Amino acid sequence: MNAKPFAAAVLAAVLALGPLGAGLPQAHAETAAPWAKAAATGDYLADSYAGLSAGHVFENVTTDRLLDVLSTDGNWFVALAGPSHPASQALLPVVNAAARAAGITKIYHFDPYLDGYQLDTTLANGIPDVTGGASVNFADSNPNGLARISDVWKLITGLLPASAVAPGGPLAGYAGDTALLLQVSISNRQDVESGKTVVKLAEVTAAQAAAFAADAGGARTTAAAALASAFAGQRASARSDYQFFKRLYNASATRKETLTAASVNSVGAPVQIFKDSDWPGEAGFPLKAISVVELFNLLNTPGEFPILFAGQGCPNTQAVIGQIALRAKQLGVPTVYVVDFSLDSNVKFGTAAQIDTALAFSATAGLWVRAAAAPPEGATDPGYRYGYSYLYGKIAEYFGSNWVTENSSKQDGSVSYYPNAVLGETPTKAAWDGDFTAADKPSAQRMQVPTLLRYNKAAANPVVATWLHREREDNNPAGSVSYREYMLQLSWVLPTAAAKASTARAQDGLTVTEYAAEALAALDGVLKANTTVTHAFTATPTPAITGTAKQGQVLEAVLGAWSHDPVIKYQWLRAGKAIKGATHSFYVPVAADVGKKISVRVTASLPGYTTVAKTSKATAAVASKAPLKKFKLAAP
């Protein structure tokens, strides 16, 4: 790997501001939760960091996305940071500027505070462990076999050499509100100790944040220069959403489908949910994994979006997620946002040669935010509660009272939730109780997984479409209507020979294959854009021109980072008027351009979105090329 010695000047500049924090960090002082924001543009990091704008180099990642990156060979840059941390607000704009100047195009951003507010994964004893559910990764890590919020940090550091967290290592004594930039070089992902190198490139603690932001003692300036040196000659590796989904879901589905012999509910053999033959060059892959905190940003963003609530180890999700991706591509849907209710990981991968093999998975275990606010079954310690349900409850508040789920019909025992940010507290009453009042602690109806819906914050009912099966009228009491989320098996969707031959009934007298066919046909009603809503690109950068404005010299349009991957058309302009045939990303001035200024107009379009045109600043007047010198041949 191409790892440089860590940038000592960066650390020297930062450490001069004060000592590194030791022991447990101070209590988090943040008072505004991430869901308090009233408006957003759809770029979570640009919306959340005062010093970042569209075109920054950072990509926010979920726990599973970070684990996937740290399990892949490459030269990775990782920022452990969060918008609610002053240290991160101070450091990340400096990192972004240095990276862009050096041609570094990807730095992965992970917030150790999983809710962006109080759930600090780095605190072994600072936040009460109030979750429920056995984790496949840490089933024996604490009493009752329950997962803790600190287990997430163990998952991350478990993929790094022991030296990384040992005294003197880059992560020794790390606190969750510290901004830290790492370079992780992986030459052999199967060998954690000798195949991986971790280097600390920059660090700002909470105590140092104000001084660093003010450039006290020139620390910020010195850090910027040192980062420029550290980035020089480097190239950042990148891991796409397709690569992530392919590894995670192919492994978890194969684990499920090969556990039993072939039957109506099992393929009985390894499977590929995502196949390269379906996604040549990954073109058009629409699924994008986002965290719960990113979801809140999306729910505050103008426009209309399909959102898939999924489960890493959920066999019902495994059955349809590949089909949802393919149908979205066929319909021209640019992005389907995928949210997993697990804050940790419900898939346990192996090590060494089994690094891509799922050794175990669980559908709803671990740090599962969509779990009832009550002690888990068998728990004797009252401190163990599903305390993170406030995250789920807040989502339900965004969806509104007209939101429909299977449990809108009060089927299968709807479960109450406490949606405010109070760990471990339970609701006093369910929202559907007849005597429920505003004085009662609110709760939310239960959503099954997978659930696919389309959301538009400006609509009277923000959930404008939901992927549901309407139950046959003769199954319902007089005058009532009930619904079911589509809970399918992969064998029904393929379908396997056993499923096609089965006479079993999935719902309303439908065979399992009939029910699956109905579900796939119903995808269009959710994935297709609502034609009454006009979508808007959230990032529309003005293009720039590089090159010398001279006859015969190449000018090139620099597009910038548009949101939603639109179709771009170019038109070069001479003195503000279109040049016939000049519709490429580059242009070579001709004699007619001499003395005139050149600019370029880019037009972005996408079905269902407002077309946007942006024009660059004009160049200087085009200079003429030097005339050829005439040479006189000497007489022989």
**OP:** Between Ala591 and Glu518, with labels modelled 7 Å along Cα→Cβ, what's the label distance in nm to one decimal, could you check?
**Re:** 7.4 nm
**OP:** Tabulate in residue order the Karplus-calculated ³J(HN,Hα) for region 614-620, using 6.51 cos²θ - 1.76 cosθ + 1.60 with θ = phi - 60°, rounded to whole Hz; enter x for Gly and Pro.
**Re:** 10, 10, 6, 5, 6, 6, 5
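For a 18 Å ceiling on Cα separation, which of these pairs sit above it: Lys500/Lys528; Lys550/Lys596; Lys329/Lys614; Lys106/Lys569; Lys154/Lys348; Lys246/Lys348? Can you show the working numbers first?
Numbers: Lys500/Lys528 29 Å; Lys550/Lys596 10 Å; Lys329/Lys614 27 Å; Lys106/Lys569 26 Å; Lys154/Lys348 13 Å; Lys246/Lys348 15 Å.
Beyond 18 Å: Lys500/Lys528; Lys329/Lys614; Lys106/Lys569.
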Original post:
In nanometres, what is the gap between the two model label sites at Thr615 and Leu331, each 7 Å from Cα along Cα-to-Cβ?
Top reply: 3.8 nm
Original post:
Given H placed 1.01 Å from N in the peptide plane, which residues other than close sequence neighbours of Ala202 have an amide H under 5 Å from its amide H?
Top reply: Leu181
Subject >> Filtered trypsin sites (Lys or Arg not before Pro), region 166-239: DSSP coil and at most 14 other beta carbons within 10 Å >> reply: Arg235
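Please report the net charge: other residues with Cβ closer than 15 Å to the Cβ of Val264, K and R +1, D and E -1. Walk me through the intermediate numbers first.
Details: positive: Lys256, Lys500, Arg505; negative: Glu257, Glu514.
Counting the neighbours of Val264, the net charge comes to +1.
Readers should treat all values here as calculations from the given coordinates under stated rules, not as data from a laboratory. Because the structure is predicted, anything quoted here is derived from the model rather than measured. Cβ: placed from backbone, ideal geometry, glycine included. Neighbour counts: every protein chain shown.
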